[in-house]
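Chemist: Quick one: structure below, then a few questions.
The values are calculated or read from the model by the stated rules, or taken from the named source; none is laboratory data. All values derive from a computational prediction rather than experimental measurement. We place every Cβ from the backbone using ideal geometry, glycine too, and count neighbours over all the protein chains shown.
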Amino acid sequence: MSTKTSKSTFNKLEFLKLMMLSREGDRREGILLRQSKGWFQVSGMGHEALGALAYLLREDDYIFPYYRDRGLMLARGLTNRELALAYFAKREGSSGGRQMPGHYSSRKHNVFSVCTLTGGNCLPACGAAWGMKMDGKDSVTIATIGDAAARQGEFYEAWAFAVQENLPVVFILEDNKYGISTPTEKFMPFHLPLFDKDAVVKVDGRHPDNILEAGRTAIEKARSGNGPTMIWLDIDRLSSHTSSDDHRVYRDLKDIEEMQLRDPIRLLSEELLSSGELDEAAFQAMQDDVFKIVDEDYIAAEKAEDPIAEETTRDCWGTEVDAEAPPIGSGRQTMVSAINTTFRKALENDPKIVFFGEDIEDPKGGVFGVTKGLSEAFPKQVFNSPLAEATIMGVAVGLSAYGWRPVFELQFIDFIAPGWNQITGQMSTLRWRSYGEWKCPLVIYAPYGAYLPGGSLWHSQSNEGALAHVPGLRVAVPSTPQDAAGLLWSAIHGDDPTFVLVPKHIFRMQIEVDSVEPVPFGVANVVKEGSDVTIVSYGNTMELVHEAATKSGVSCEIIDLRSIVPCDYETITESVAKTGRLVVVHEDTKTCGFGQSIISEMVSVPERFDLFLSPPQLVCRDDVHIGYNPIYEYAALPDVDQVVNAINIVME
């Protein structure tokens, strides 16, 4: 059990001042915006009482907040000046000026960086809570969301996973009755027969006493290992949705006036004045002190250093880690066996590595047998996931940010779409949007590609071009057992979220492994030297390239990229300097496929363009889907004759 202490004892007078500080900060930002000092503001007015929850938390607890939690953030330990710096988007702020105001983050206080995606924090919160449980700690994770976000699919997935795993997580739903301008009453799942009423605790969230009572029960329940709680707070949004909105357009003015009577600051101050714990003079002095603090903090923040344009690309990726040879031997082997051996050694070496994916436990061991035998040998590190790709992606983010090393499987890369929200909104942006303060090093591996009849649209996709488009992700596509093992070994020990796409057409192909070398990302492999044409490829199409090079009768230099992000343009350039000709081959679609990026990069730099003796050629799948009948599949995919034709064109 942790010995870390919780926040200081709750004091209503001090908490009233904290709520007033939160309110005055919101008010000041609204004024500054009207003075054209700033670009955007999101207010937490009416949500301040939630800050009482912080007094129940310990240092080792985590908060996954949303953008109306200003009061909670101040109570957790973030300073008003830090929030002022965030408002002005200053370099010293928590995001270095990269996030909108209200998008809190503090590694020091275990406040996870807010993403705008509604409900997008719920699954990562479950990931962190799962890590706490596996650590054997009695820490707790708090996830707060707005009422409109309760209709996001990820909210349901998070609750299901939390209940399934009995996680120490408390979900706080801040129900202020509106999703921007849309009343949420008829959409709220708690008004519908979707949740067990015993699972939801409804609370008037306008008074800190109610927050403390419900929060204490839920947190003690989580700490004692009795699972999650859903707290439904009935509160008011006393302001417009954001500075870009005017709630007077869609809300009845009488409703707005009545809502002010339920203002949590008004309710608490009237209680304290009535009980004699506070008098008018002390109340005025408290207000004056708050005004002074806000004045000083916002004046100082406005004068603080702005972001530096040259740092725009800073923190997209982490530091390079020296590659080591993967733990496989030489001799004939398949990708499946090489990957399985690599995974087994990784699990042996590091108890913080955890595997999670559909059907990966024994006796199945994954649909391709990649994890065969691993759950039997490492039952505390290898787990089946639900059929929920967003859960796989989101839990990976939170688990890795908390300190574990997820190596998670997507059953097929084709099924990535439900997890795309977490990939583009959380996984790829976390390091950059938190100015390097948070990171989520993890590995997602997946069977990939076609040339295996019967896959149809749903089991034959490539998708590497879409992943390469997202800054912050590393992407690799091996074509040999040693490269599959080496890239996965590098990814597991790396510092970034990484996708390794394993071509299933050559999964079980027996290949002779002569030597086992380290395989770093961003280093291509010249697998065959030549003098006339440079052919660049990766994955399944390496097989076509070798056959086409032989069939063409031309001296071809063949380069296996291995990783496409980062891409080894230096090796490509050195080869083209020798041959003067370039053919790029991949099985992804043409438009925005990675081959177009290679050719664009090579011809857009004058020094590289001057190397070419003829226009470079791209061989790839047309912009068409892959059909179930093999006739459709092979009609869509690049073939040997197309590669030979491209070689002949560049030789003309």
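Chemist: Please find, within the range 558-594, the residue that is surrounded by the fewest Cβ atoms within 10 Å (Cβ to Cβ) out of those that are under 17 Å from residue 616 (Cβ atoms) and among the hydroxyl-bearing types (Ser, Thr, Tyr).
Modeler: Here the answer is 591.
Chemist: Tell me the residue from 217, 242 that is among the hydroxyl-bearing types (Ser, Thr, Tyr) and either under 28 Å from residue 29 (Cβ atoms) or part of a loop (DSSP other than H, G, I, E, B) (or both), please. Talk me through it step by step, then tell me what you get.
Modeler: Working: 217 fails: either under 28 Å from residue 29 (Cβ atoms) or part of a loop (DSSP other than H, G, I, E, B) (or both).
From the options 217, 242, the qualifying one is 242.
Chemist: Please determine whether any residue of the range 608-622 is in a helix (DSSP H, G or I) and either in the same structural domain as residue 569 (by TED's automatic domain parsing) or at positive phi (or both). Show your work before the answer.
Modeler: To start, the set of residues in the range 608-622 that are in a helix (DSSP H, G or I) comprises 608-609.
If we keep only those that are either in the same structural domain as residue 569 (by TED's automatic domain parsing) or at positive phi (or both) as well, we get 608-609.
The answer is yes; a qualifying residue exists.
Chemist: Now for a separate question. Assigned to a helix (DSSP H, G or I) and in contact (Cβ under 8 Å) with a residue 12 or more places away in the chain, is that true of residue 323?
Modeler: no
Chemist: Name the residues in the range 363-377 that are surrounded by fewer than 20 Cβ atoms within 10 Å (Cβ to Cβ) and either more than 25 Å from residue 449 (Cα to Cα) or within 26 Å of the chain's Cα centre (by Cα) (or both), would you?
Modeler: Matches in the range 363-377: 363, 367, 373, 376, 377.
Chemist: Another question about this same structure. Residues of the range 95-152 being at pLDDT below 95 and in a helix (DSSP H, G or I), which ones?
Modeler: Those that are at pLDDT below 95 and in a helix (DSSP H, G or I): 148, 149, 150, 151.
Chemist: If you don't mind, another one. Can you name the residue in the range 528-549 that is buried (at least 17 other Cβ atoms within 10 Å of the Cβ) and either outside the structural domain of residue 611 (by TED's automatic domain parsing) or of a type in the set (Ser, Thr, Tyr) (or both) and is also nearest to residue 595 (Cα to Cα) among such residues?
Modeler: To start, the set of residues in the range 528-549 that are buried (at least 17 other Cβ atoms within 10 Å of the Cβ) comprises 530, 532-546, 548-549.
Applying the additional criterion that residues be either outside the structural domain of residue 611 (by TED's automatic domain parsing) or of a type in the set (Ser, Thr, Tyr) (or both) yields 534, 537-538, 541.
On the way: 534: 14, 537: 9, 538: 10, 541: 12 Å.
Filtering first and then ranking leaves 537.
Chemist: Quick one: is residue 453 assigned to a loop (DSSP other than H, G, I, E, B) and either of a type in the set (A, V, I, L, M) or at pLDDT 95 or above (or both)? Talk me through it step by step, then tell me what you get.
Modeler: On the way: assigned to a loop (DSSP other than H, G, I, E, B): yes; either of a type in the set (A, V, I, L, M) or at pLDDT 95 or above (or both): no.
Judged against the criteria, residue 453 is not a match.
Chemist: Now a separate question. Suppose we filter 530, 627 for residues that are closer than 23 Å to residue 451 by Cβ, out of contact with any Gly (no Cβ under 6 Å at 6 or more places or on another chain), in a loop (DSSP other than H, G, I, E, B) and in contact (Cβ under 8 Å) with a residue 24 or more places away in the chain; which single one remains?
Modeler: Values: 530 fails: closer than 23 Å to residue 451 by Cβ.
The conditions single out 627.
Chemist: Please go through (1) part of a loop (DSSP other than H, G, I, E, B); (2) surrounded by fewer than 24 Cβ atoms within 10 Å (Cβ to Cβ); (3) of a type outside the set (Gly, Ala, Ser) for residue 81 and return the number of the only condition it doesn't satisfy.
Modeler: With respect to (1) part of a loop (DSSP other than H, G, I, E, B); (2) surrounded by fewer than 24 Cβ atoms within 10 Å (Cβ to Cβ); (3) of a type outside the set (Gly, Ala, Ser), residue 81 is out only on (1).
Chemist: In this structure, does residue 376 turn out to be at pLDDT 95 or above, outside any loop (DSSP other than H, G, I, E, B) and closer than 22 Å to residue 349 by Cβ?
Modeler: Against the criterion (at pLDDT 95 or above, outside any loop (DSSP other than H, G, I, E, B) and closer than 22 Å to residue 349 by Cβ), residue 376 qualifies.
Chemist: Out of the residues in the range 301-320 that are of a type in the set (Asp, Glu) and either surrounded by 15 or more Cβ atoms within 10 Å (Cβ to Cβ) or not in a helix (DSSP H, G or I) (or both), which is nearest to the chain's Cα centre (by Cα)? Step through it out loud before you land on a result.
Modeler: Filtering the range 301-320 for residues of a type in the set (Asp, Glu) gives 302, 305-306, 310-311, 315, 320.
From the residues that got through so far, the ones that are either surrounded by 15 or more Cβ atoms within 10 Å (Cβ to Cβ) or not in a helix (DSSP H, G or I) (or both) too are 302, 305-306, 315, 320.
Working: 302: 31, 305: 29, 306: 27, 315: 14, 320: 20 Å.
Applying the filter and picking the extreme gives 315.
Chemist: Which condition from (1) in a strand (DSSP E or B); (2) more than 19 Å from residue 565 (Cα to Cα); (3) touching a His at 6+ places or on another chain (Cβ under 9 Å) is the one that residue 447 breaks?
Modeler: With respect to (1) in a strand (DSSP E or B); (2) more than 19 Å from residue 565 (Cα to Cα); (3) touching a His at 6+ places or on another chain (Cβ under 9 Å), residue 447 is out only on (2).
Chemist: On the given criteria, is residue 631 under 37 Å from the mean Cα position of the chain (by Cα) and hydrophobic (A, V, I, L, M, F, W, C)? Full working, then the answer.
Modeler: On the way: under 37 Å from the mean Cα position of the chain (by Cα): no; hydrophobic (A, V, I, L, M, F, W, C): yes.
No, not satisfied.
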